[in-house]
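The values are calculated or read from the model by the stated rules, or taken from the named source; none is laboratory data. Given the structure is predicted, the values throughout are model-derived calculations rather than measurements. Heads up, the Cβs are rebuilt from the backbone with ideal geometry, glycines too, and the neighbour counts pull from every protein chain shown.
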Amino acid sequence: MTLTRYALLLTAVAVLGACSTSADRFGTGTTDAAAGIGTSGLGDPSDPTSLAYFQQTVGDRVLFVVDQSTLTPAGQSTVAQQAAFLTSNPEYTAIIEGHADERGTREYNLALGARRASAVQDFLVTQGVAPNRLQTVTYGKERPLEVCSDEACYSQNRRAVTVLAAGLGS
Amino acid sequence: MSIARYLTALYLMAVGLAFLPYPGHAQQGPLRIEITEGVIEPLPFAVSSFVSEAPGATTFADSISQVIGQNLSGTGLFREIPRGAFISQVTNFDSPVQYADWKAINAQALITGSVNVASDGRLIVKFRLFDVFSEAPLGEGLQFVGDTEDWRRMAHKVSDQVYSRITGEAGYFDSRIVFVSETGPKNAREKRLAVMDYDGANLQFLTDASAIVLAPRFSPQGDRVLYTSYETGFPQIYELNVASVQRRQLNVPAEAMTFAPRYAPNGQTVVFSLAQRGNTDIYTLDLSSGQSQRLTSAPSIETAPSFSPDGSQIVFESDRSGSQQLYVMPARGGEPRRISFGPGRYGTPVWSPRGDLVAFTKQNEGRFHIGVMRTDGSEERLLTASFLDEGPTWSPNGRVIMFTRETAGATGRPALFSVDISGRNLRRVPIDGAGSDPAWSPLLQ
């Protein structure tokens, strides 16, 4: 070993000495891992311009058949009402989240979630919502709503959720 | 302890014990495991407790011998003879081996060693491997020098030598795993990138829990990691330097969702998936120029790409046939050829480091399997079955596959498992808590 390498070694050891013995340089950290739907500040559900009204009366989500991204007739009806709400309330923009159940591989499910979100977006646009008010995001199987491993839960997790935000729209 | 520790590992070096001639000539004796056909009966071996040659070396000597035993037994190819059965103890590294004593307990192989502390405080680890029934050393004695914090790496280096001398194939013990450490309930999982030794030791976190992270992959040199993060609120691909944990978002079209990034063997090209208007296709990105190129243009899902080790081809999954299947295409794009034809769905293909096999996840009749097939799709073999197995990664020598196994139900959690490509030796990788998406590094230098 050359003298240079030896000197480098000592430097590295010195760096080591200064480090914490913990495996975790990030500390305990805070998190906002619960992406998705917020539940605060929804407003009065009887107010037809409120987020609460959108979620409870209009319906903020549609469900999908296994490995499918085509809107069911019930889904089309929900998205048509979402479109009507967005048309009457132009102050809102929307992010459409696409989700999958846990019975698929991770990256395929990301692609599947993207398809589902896009299906809702496309239908909203055909119903007259301006494309620049809409964004999509896929969560694949990363954010299940229901946690059992049965079709009862899977069917609720294969979903696209339209999440509204106020203010950025035209 | 920090990841900077691994920088010091660069100084870990091996020299032959030419100055320590051992009586008797080294030979390629009959001690040999042919593992191409899969081993049924593990080869019995003994690790004599390494001789401590300095007061500060005793703990290391014990621990190093222990880790060597665990490494070799963990392969399923070897069976360690417990120390309690030993007739003779090795108390001097250079004393002649009492072959009769080791034959009597049916030790086919004997590993002896010593640990000393150099004047600069570093450890000096020596070892020899003996073919007991040929009464001869197998290969030359070797010496490793390294920092005390690298004692496990030195044990892994010795184990790699033993494995390689007996099997004729490269080892995989001196390697690391990058994976996603998971905590929290199933509907609000916190995910962090973490790196650890192949056997679960020396865990270090690479990211905090503020954003979902997915599916990391090591660079061919093991110094960088590609992964997908939701830092911006959208899935996008990042590259992270393992030593500094500095990360950068890769330069791909804004507003697009990107995921499934993997390095080409040159470490300069990244292949990944990009989803736009609901359609996912495969692209490449040149890390130096920032130029990206589209490789597939189909209305179907194309994702989970993996380069062949010579860089000439890419295996990926697509549902263009109506269900998830595996395809191979030229690395610059072009007509893909389907290679999976069995019942069920196939995803997450990963080309083996030897180039001969593709590992994959298969879903069939409600079960998930890890399997391997030749790169033309022939000779498919399923290695595992469970409620949810997915995401295989290859050991550097192409003998072992690590993957995610997740249990069912509200309390279901993912864990890391490994299995030999023979389908034998299924083991849970010991980690604290839950983990998913493992990716194996190359053998460390």
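General remarks:
- Segments classed as strands (runs of 3 or more DSSP E), wholly inside the stretch B:278-338, with at least 3 members that are modelled with pLDDT under 95: none
- Within the span defined as the stretch B:419-438, every residue fails to be aliphatic (A, V, I, L, M), under 24 Å from A:Asn109 (Cα atoms) and within 12 Å of chain A (Cβ to nearest Cβ).
- Among the residues of this structure, B:Gln268 counts as one that is at pLDDT 95 or above and among the polar types (S, T, N, Q).
- The stretch B:62-175 holds strands (runs of 3 or more DSSP E) entirely within its bounds, and those carrying 2 or more residues that are among the hydroxyl-bearing types (Ser, Thr, Tyr), away from every other protein chain (no Cβ under 14 Å) and out of contact with any His (no Cβ under 9 Å at 6 or more places or on another chain) map to B:109-117.
- Scan of the stretch B:187-210 for residues that are touching a residue at least 60 places away in the same chain (Cβ under 8 Å), of a type in the set (Gly, Ala, Ser) and farther than 18 Å from B:Gly74 by Cα, ordered by number: B:Ala194
- Among all residues of the stretch B:314-336, there is at least one that is in contact (Cβ under 8 Å) with a residue 60 or more places away in the chain and in contact with a strand residue (DSSP E or B) (Cβ under 7 Å, 6 or more places away or on another chain).
- Within the stretch B:207-227, the set of residues being within 9 Å of chain A (Cβ to nearest Cβ) and either surrounded by fewer than 21 Cβ atoms within 10 Å (Cβ to Cβ) or not in a strand (DSSP E or B) (or both) comprises B:Thr207, B:Asp208, B:Ala209, B:Ser210, B:Ala211, B:Ile212.
- Residues that are within 19 Å of B:Val178 (Cα to Cα) and surrounded by fewer than 24 Cβ atoms within 10 Å (Cβ to Cβ) within the stretch B:360-393 are absent altogether.
This table checks each residue for (1) away from chain A (no Cβ under 14 Å); (2) within 22 Å of the chain's Cα centre (by Cα).
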position: B:Ser312; (1), (2): yes, no
position: B:Glu317; (1), (2): no, no
position: B:Arg320; (1), (2): no, no
position: B:Gly355; (1), (2): yes, yes
position: B:Pro392; (1), (2): no, yes
position: B:Arg399; (1), (2): yes, yes
position: B:Glu406; (1), (2): no, yes
position: B:Gly409; (1), (2): no, no
position: B:Arg413; (1), (2): no, yes
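- Test: residue in the stretch B:358-379 that is away from chain A (no Cβ under 14 Å), touching a residue at least 40 places away in the same chain (Cβ under 8 Å), over 16 Å from the mean Cα position of the chain (by Cα) and over 26 Å from B:Arg320 (Cβ atoms): no
- Within the stretch B:228-244, tally of residues that are at the interface with chain A (Cβ under 10 Å from one of its Cβ atoms), crowded, with 19+ Cβ neighbours inside 10 Å and not aromatic (Phe, Trp, Tyr): 2
- Of all the criteria given as (1) in contact with a strand residue (DSSP E or B) (Cβ under 9 Å, 6 or more places away or on another chain); (2) at pLDDT below 65, the one not satisfied by B:Ser48 is (2).
- The residue that is nearest to the other protein chains (Cβ to nearest Cβ), among those in the stretch A:114-156 that are under 18 Å from A:Gln76 (Cα atoms) and within 12 Å of the chain's Cα centre (by Cα), is A:Ala114.
- The residues on offer are A:Ala119, A:Ala152, and the sole one that is crowded, with 22+ Cβ neighbours inside 10 Å and either within 30 Å of B:Ser436 (Cβ to Cβ) or of a type in the set (S, T, N, Q) (or both) is A:Ala119.
- Scanning the stretch B:151-185 for residues that are in contact (Cβ under 8 Å) with a residue 40 or more places away in the chain, surrounded by fewer than 20 Cβ atoms within 10 Å (Cβ to Cβ) and over 18 Å from the mean Cα position of the chain (by Cα) turns up B:Gly168, B:Thr183.
- Which listed residue is closer than 28 Å to B:Leu388 by Cβ, out of contact with any Cys (no Cβ under 8 Å at 6 or more places or on another chain), modelled with pLDDT of 95 or more and within 13 Å of another protein chain (Cβ to nearest Cβ), from A:Asp67, A:Asp101: A:Asp67
- One residue stands out among those in the stretch B:186-195 that are of a type outside the set (Lys, Arg), part of a strand (DSSP E or B) and facing chain A (nearest Cβ under 9 Å): the one that is surrounded by the most Cβ atoms within 10 Å (Cβ to Cβ), which is B:Ala194.
- Number of the exception - B:Glu140 against (1) buried (at least 20 other Cβ atoms within 10 Å of the Cβ); (2) at pLDDT below 95: (1)
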